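Student: Could you have a look at this structure, given as structure tokens, before my questions?
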Amino acid sequence: MRMKEREIKDFNEIVDVLRRTDTVRLGINGELFPYVVPLSFGFEVNDGKINIYVHGAKEGFKHELIEKNNHVCIEADIFHGYVKHERGITTEYESVIGFGTAKIANDEETVKGLDLLLEHCGYQGYEYDKSILDFLRVYKIELSAITGKRNVK
């Protein structure tokens, strides 16, 4: 990281940025180019590790690419605005980038992942029709590394 003074070093602060953002961008190894898709998400922290849960239809380009190579990157950010400073205009932001592996969630993880996603989106305890599980695929992304960065006054 070029500007070390902006690095978020405290794990709990990185988790807080994730908690306050509403979208992750999932980066997947594409065939010719990287593929990045914005997604709603839920997450949990277990033993100092973060697991991200995302969902989608059971088929599509995202699934094809993950099947070929499940090493992924997630990015999440909070844009606070543009501000003037002594050298011009800058962006105030907080962001995280994580690296890990995506795997299709088992039945228990699927329910847990959907519950965490709904909670993160502001619908904790929402009773959804369980028949949607026939049409959805949930991925559990186990992050092996995560970093944070901020530029906020």
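Student: How about the stretch 113-137: which of its residues are touching a Lys or Arg at 6+ places or on another chain (Cβ under 9 Å), more than 30 Å from Thr90 (Cβ to Cβ) and touching a residue at least 60 places away in the same chain (Cβ under 8 Å)? Lay out the reasoning, then the answer.
Tutor: Within the stretch 113-137, the first condition is being touching a Lys or Arg at 6+ places or on another chain (Cβ under 9 Å), and the residues that meet it are 113, 120, 134-137.
Pick out the ones that are also more than 30 Å from Thr90 (Cβ to Cβ) and you get 113, 134-137.
Residues satisfying the conditions are Gly113, Phe135, Leu136, Arg137.
Student: Something else about it: State whether one or more residues within the stretch 11-19 are in contact with a Leu (Cβ under 6 Å, 6 or more places away or on another chain), within 13 Å of Tyr53 (Cα to Cα) and of a type outside the set (Ser, Thr, Tyr). Give the steps one after another, and end with the answer.
Tutor: Keep residues of the stretch 11-19 that are in contact with a Leu (Cβ under 6 Å, 6 or more places away or on another chain), which gives none.
Within the stretch 11-19, none of the residues are in contact with a Leu (Cβ under 6 Å, 6 or more places away or on another chain), within 13 Å of Tyr53 (Cα to Cα) and of a type outside the set (Ser, Thr, Tyr).
Student: Scan the stretch 42-71 residue by residue and report those that are farther than 11 Å from Leu26 by Cα, of a type in the set (Lys, Arg) and out of contact with any Ser or Thr (no Cβ under 9 Å at 6 or more places or on another chain).
Tutor: Lys58, Lys68
Student: Among residues belonging to the stretch 77-103 that are in contact (Cβ under 8 Å) with a residue 40 or more places away in the chain and of a type in the set (D, E, K, R), point out the one that is farthest from Val152 (Cα to Cα).
Tutor: Filtering first and then ranking leaves Asp77.
Student: Among the strands (runs of 3 or more DSSP E) contained in the stretch 1-118, which hold 1 or more residues that are more than 12 Å from Tyr139 (Cβ to Cβ) and β-branched (Val, Ile, Thr)? First the steps, then the outcome.
Tutor: Working: elements: 24-28, 35-39, 42-46, 49-57, 71-85, 88-104.
The strands (runs of 3 or more DSSP E) meeting that bar are 35-39, 42-46, 49-57, 71-85, 88-104.
Student: List pairs: first in the stretch 34-52 and of a type in the set (Ser, Thr, Tyr), second surrounded by 13 or more Cβ atoms within 10 Å (Cβ to Cβ) and assigned to a strand (DSSP E or B), Cβ under 7 Å, 6+ apart or cross-chain?
Tutor: Here the result reads Tyr35/Ile28, each pair linking the stretch 34-52 to a residue that is surrounded by 13 or more Cβ atoms within 10 Å (Cβ to Cβ) and assigned to a strand (DSSP E or B).
Student: Is it the case, given these coordinates, that Leu39 is over 22 Å from Lys149 (Cβ atoms) and aliphatic (A, V, I, L, M)? Working first, answer last.
Tutor: On the way: over 22 Å from Lys149 (Cβ atoms): no; aliphatic (A, V, I, L, M): yes.
The answer is no for Leu39.
Student: Further question on the same structure: Out of curiosity, is Glu108 surrounded by 11 or more Cβ atoms within 10 Å (Cβ to Cβ) and acidic (Asp, Glu)? Outline the logic, then answer.
Tutor: Working: surrounded by 11 or more Cβ atoms within 10 Å (Cβ to Cβ): no; acidic (Asp, Glu): yes.
Here the answer is no, as Glu108 does not meet what is asked.
Student: For the stretch 67-89, which positions are touching a Phe, Trp or Tyr at 6+ places or on another chain (Cβ under 7 Å) and not aromatic (Phe, Trp, Tyr)? Reasoning before the result, please.
Tutor: We begin by selecting, within the stretch 67-89, every residue touching a Phe, Trp or Tyr at 6+ places or on another chain (Cβ under 7 Å); these are 73, 77-80, 89.
Within the stretch 67-89, Cys73, Asp77, Ile78, His80, Ile89 qualify.
Listed here are the residues, each with its yes/no results for (1) in contact (Cβ under 8 Å) with a residue 40 or more places away in the chain; (2) of a type in the set (D, E, K, R); (3) surrounded by 17 or more Cβ atoms within 10 Å (Cβ to Cβ).
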| site | (1), (2), (3) |
| --- | --- |
| Val54 | yes, no, yes |
| Ala57 | yes, no, no |
| His71 | yes, no, no |
| Glu75 | yes, yes, no |
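Student: Follow-up. Which residues, counting only those in the stretch 40-54, are in contact with a helix residue (DSSP H, G or I) (Cβ under 9 Å, 6 or more places away or on another chain) and either among the hydroxyl-bearing types (Ser, Thr, Tyr) or at pLDDT 95 or above (or both)?
Tutor: Going residue by residue through the stretch 40-54, those that are in contact with a helix residue (DSSP H, G or I) (Cβ under 9 Å, 6 or more places away or on another chain) are 40-45, 48, 50-54.
Those that are in contact with a helix residue (DSSP H, G or I) (Cβ under 9 Å, 6 or more places away or on another chain) and either among the hydroxyl-bearing types (Ser, Thr, Tyr) or at pLDDT 95 or above (or both): Ser40, Phe41, Gly42, Phe43, Glu44, Val45, Ile50, Asn51, Ile52, Tyr53, Val54.
Student: Still on this structure: Does Asp77 qualify as being over 17 Å from Leu26 (Cα atoms) and charged (D, E, K, R)? Before the answer, list the steps.
Tutor: Numbers: over 17 Å from Leu26 (Cα atoms): no; charged (D, E, K, R): yes.
In short, no.
The values are calculated or read from the model by the stated rules, or taken from the named source; none is laboratory data. No experiment lies behind these values; they were computed from the predicted model shown. Neighbour counts run over all protein chains shown; Cβ positions are idealised from the backbone, glycine included.
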